[in-house]
Amino acid sequence: MFWRRFTGRSDVLAPNGVVAASEPLAAQAGVEIMQKGGNAIDAAVATAAVLDVTEPFSTGCGGDAFVLLHLPDAKKPLAFNGSGRAGSLISLDELLSRGWTEIPLRGGASVTVPGAMHLWETLVKQYGNLEFAEVLTPAIRYARNGFPVAPIISQYWAMLVSVFQNDEAKRVFTKDGRAPVMGELMKNADLAKTFERIASEGAADFYSGEIAERIVDTVQAHGGFLTIEDMKQHETEKTRPISMDYKGFEVYEHPPNGQGFAALIMLQIMEELEVSRYQSRDARRYHLMIEAKKLAYADLLEHNADPDFYDTPIEELLSDKYAKSRASLVDESNVMTPPPTGIPRHSDTIYLCTADAEGMAVSFINSLYRGFGSGLVVPGTGIKLQNRGNLFVLNPDHPNSYAPGKRPFHTIIPGALYREGIFGVFGIMGGDHQAQAHAQFVSNLVDYQMTPQEALDHPRFHHDQKSNTVAIENGILAYEQGILRRLGHRLIHETTSTFGGGQAIIRLDHAWIAGSDHRKDGQAVCY
């Protein structure tokens, strides 16, 4: 399917195992675990744990995670929801009585139960080859001995020092009050001790023991709503993935409360609009994709919520009939204002992927949400706490309204492709960029036969639904950008938006081929 193009990085190929991640030491740790007898699950969790150390503002055990897991010879993936729920100390009515109009971005109120650690342990116990303690070994090593800060990571770190909400965060993640510079050695001895404790006692300590008590104390001391009972009740949920056919490829995404269904809706509309009749960098292709994105995100913002509280009409949203009706709204010679959904209601992140010699493949995404999450670090543990609660709305009539024990809207989504079995796993981090980036990546791969590296590197657009503006990466010629402006698109400079960063691993007959996004420090590593 692929033919070779040079895009700055070469694809990586190997017969035995491959890990693609956004930071090199983490990717190498995953391969190290495979070489010790671990499989793709062991490698994925080891990589995620190292990223907790080496890309600390993006991810960690104090955040949430979602996974699509391909088992050898399976016809579709397994899905796991590792997201936590809102605390039980307050109700929506009480928040409204305070005069709140939103959950604050930082501080204790934005913290939901962190689900990542439970997911890590669950996956390794059920599907891994190694003991959880051994899988955590590389992360413990880097946390204790230190790691040199990568260049792009150092730039983001410098922009985020101002978000810290307690002295512990400043102590652990600054050097005399400043962010570390590229190449500077950073450690997190407290996190090393936490991981060692988990390796010895298991994740139960994180959810019901001393670590749980410290998490709850920190959250409540900063105005949050978690209790020990909220922590004890957390479980990783095995869910049913959702999918649609795109030109003979079955595209799988994680179901709500993740935004993956928006990528599938967008792809269906793109297929109806026949975007592939244009060259990959043609303004007309981008115009059609942007319009498809507007339609898909109208449905996303209306219908994405915790499935325990709201039944998202997935079958209707992914039906051919609905795709045709929505595609008919697109004008090839003009732009639309983001429309409402066509179906009324019924009453900062890391992505990594791994694959092994036995045919197992893992699509794994782990996040704190915004950089350094809530801005809180649990004293003595090195644990950063996420701020996913900020994504709740305080409108009682909305499916994603705040409620105790409810999971918030989630932006993080792992992806997978099948064609008579596994074709590959992929994902692109970056908040609300993710679903629109997934659709662009799949189109690059399927419509234009790009390699995974080229499909990731290809210039992307990012459309903001609220402002109806579009950021276009500079790889699109000024002439083509001019056409988009004449069609009515409001273009903004690419540096004002985020294009995230992705990883992908595709199956060939006798090897895996992988790419890692040039927008991050990462790499694909193999053996």
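The values are calculated or read from the model by the stated rules, or taken from the named source; none is laboratory data. Keep in mind that this is a model prediction, so the values were computed, not measured. Cβ: placed from backbone, ideal geometry, glycine included. Neighbour counts: every protein chain shown.
Across the range 287-305, what is the total count of residues that are part of a loop (DSSP other than H, G, I, E, B) and either of a type in the set (A, V, I, L, M, F, W, C) or farther than 23 Å from residue 390 by Cα (or both)? Reasoning before the result, please.
If we filter the range 287-305 for residues that are part of a loop (DSSP other than H, G, I, E, B), which is where we start, we get 304-305.
Checking the rest, the ones that are also either of a type in the set (A, V, I, L, M, F, W, C) or farther than 23 Å from residue 390 by Cα (or both) come to 305.
Count: 1.
A quick yes/no check of all residues on (1) closer than 22 Å to residue 81 by Cα; (2) loosely packed, with under 15 Cβ neighbours inside 10 Å; (3) not small (Gly, Ala, Ser):
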{"position": "153", "(1), (2), (3)": "no, no, yes"}
{"position": "164", "(1), (2), (3)": "no, no, yes"}
{"position": "188", "(1), (2), (3)": "no, no, yes"}
{"position": "196", "(1), (2), (3)": "no, no, yes"}
{"position": "200", "(1), (2), (3)": "no, yes, no"}
{"position": "217", "(1), (2), (3)": "no, yes, yes"}
{"position": "220", "(1), (2), (3)": "no, no, yes"}
{"position": "224", "(1), (2), (3)": "no, no, no"}
{"position": "236", "(1), (2), (3)": "yes, no, yes"}
When (1) surrounded by 24 or more Cβ atoms within 10 Å (Cβ to Cβ); (2) out of contact with any Ser or Thr (no Cβ under 7 Å at 6 or more places or on another chain) are applied to residue 247, the one that fails is (1)
Could you list, in sequence order, the residues of the range 345-360 that are touching a Ser or Thr at 6+ places or on another chain (Cβ under 7 Å) and either part of a loop (DSSP other than H, G, I, E, B) or of a type in the set (A, V, I, L, M) (or both)?
348, 350, 352
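Examine the range 331-343 for a residue that is closer than 30 Å to residue 93 by Cβ and either in the same structural domain as residue 22 (by TED's automatic domain parsing) or hydrophobic (A, V, I, L, M, F, W, C) (or both), and state whether such a residue exists. Write out each step before concluding.
Kept after step one, since they are closer than 30 Å to residue 93 by Cβ, are these residues of the range 331-343: 340-341, 343.
Remaining after also requiring either in the same structural domain as residue 22 (by TED's automatic domain parsing) or hydrophobic (A, V, I, L, M, F, W, C) (or both): 343.
Yes: the range 331-343 contains one or more residues that are closer than 30 Å to residue 93 by Cβ and either in the same structural domain as residue 22 (by TED's automatic domain parsing) or hydrophobic (A, V, I, L, M, F, W, C) (or both).
Just the residues that are within 15 Å of residue 385 (Cβ to Cβ) and touching a strand residue (DSSP E or B) at 6+ places or on another chain (Cβ under 9 Å), please, taken from the range 171-198.
Narrowing the range 171-198 to residues within 15 Å of residue 385 (Cβ to Cβ): 172-173, 188, 190-191, 194.
Matches in the range 171-198: 172, 173, 190, 191, 194.
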Is it the case, given these coordinates, that residue 473 is over 30 Å from residue 370 (Cβ atoms) and touching a helix residue (DSSP H, G or I) at 6+ places or on another chain (Cβ under 8 Å)?
no
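Would you point out which residue out of 130, 185, 136 is touching an Asp or Glu at 6+ places or on another chain (Cβ under 7 Å), more than 30 Å from residue 399 (Cβ to Cβ) and among the hydrophobic types (A, V, I, L, M, F, W, C)? Spell out the reasoning first.
Numbers: 185 fails: touching an Asp or Glu at 6+ places or on another chain (Cβ under 7 Å); 136 fails: touching an Asp or Glu at 6+ places or on another chain (Cβ under 7 Å).
Exactly one of 130, 185, 136 is touching an Asp or Glu at 6+ places or on another chain (Cβ under 7 Å), more than 30 Å from residue 399 (Cβ to Cβ) and among the hydrophobic types (A, V, I, L, M, F, W, C), namely 130.
Identify, from the list 288, 295, 300, the residue that is crowded, with 20+ Cβ neighbours inside 10 Å, touching a Lys or Arg at 6+ places or on another chain (Cβ under 6 Å) and closer than 23 Å to residue 489 by Cα.
Numbers: 288 fails: touching a Lys or Arg at 6+ places or on another chain (Cβ under 6 Å); 300 fails: touching a Lys or Arg at 6+ places or on another chain (Cβ under 6 Å).
Testing whether each residue is crowded, with 20+ Cβ neighbours inside 10 Å, touching a Lys or Arg at 6+ places or on another chain (Cβ under 6 Å) and closer than 23 Å to residue 489 by Cα leaves just 295.
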Testing residue 385 on (1) over 13 Å from the mean Cα position of the chain (by Cα); (2) modelled with pLDDT of 95 or more; (3) over 22 Å from residue 51 (Cβ atoms), one condition comes back false. Which one is that?
(3)
Just wondering, is there one or more residues in the range 122-139 that are surrounded by fewer than 24 Cβ atoms within 10 Å (Cβ to Cβ), in contact with a strand residue (DSSP E or B) (Cβ under 8 Å, 6 or more places away or on another chain) and modelled with pLDDT of 95 or more?
yes
Per the list (1) surrounded by fewer than 24 Cβ atoms within 10 Å (Cβ to Cβ); (2) in contact with a Pro (Cβ under 7 Å, 6 or more places away or on another chain), residue check on residue 74 breaks on (2)
Are there helices (runs of 4 or more DSSP H) fully within the range 150-244 with at least 2 residues that are of a type outside the set (S, T, N, Q) and farther than 22 Å from residue 45 by Cα? List them.
151-160, 167-173, 210-221, 228-232
Residue that is surrounded by the most Cβ atoms within 10 Å (Cβ to Cβ), among those in the range 23-57 that are touching a Phe, Trp or Tyr at 6+ places or on another chain (Cβ under 8 Å) and under 25 Å from residue 171 (Cβ atoms)
49
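Quick one: in the range 306-344, of everything that is in contact with a His (Cβ under 8 Å, 6 or more places away or on another chain) and in a loop (DSSP other than H, G, I, E, B), which residue is surrounded by the most Cβ atoms within 10 Å (Cβ to Cβ)?
As a first pass, look at the range 306-344 and keep what is in contact with a His (Cβ under 8 Å, 6 or more places away or on another chain): 310-313, 317, 332, 335, 341, 343.
Cutting the leftovers down to in a loop (DSSP other than H, G, I, E, B) gives us 310-313, 332, 335, 341, 343.
Numbers: 310: 20, 311: 14, 312: 24, 313: 19, 332: 10, 335: 18, 341: 18, 343: 18.
Checked the range 306-344; the qualifying residue surrounded by the most Cβ atoms within 10 Å (Cβ to Cβ) is 312.
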Here are some residues: 364, 372. Which one is part of a loop (DSSP other than H, G, I, E, B) and surrounded by 24 or more Cβ atoms within 10 Å (Cβ to Cβ)?
372
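Each row is one residue, and each column tells you yes or no for (1) closer than 30 Å to residue 193 by Cβ; (2) surrounded by fewer than 22 Cβ atoms within 10 Å (Cβ to Cβ).
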site	(1), (2)
388	yes, no
404	no, yes
415	no, no
421	no, yes
429	yes, no
437	no, no
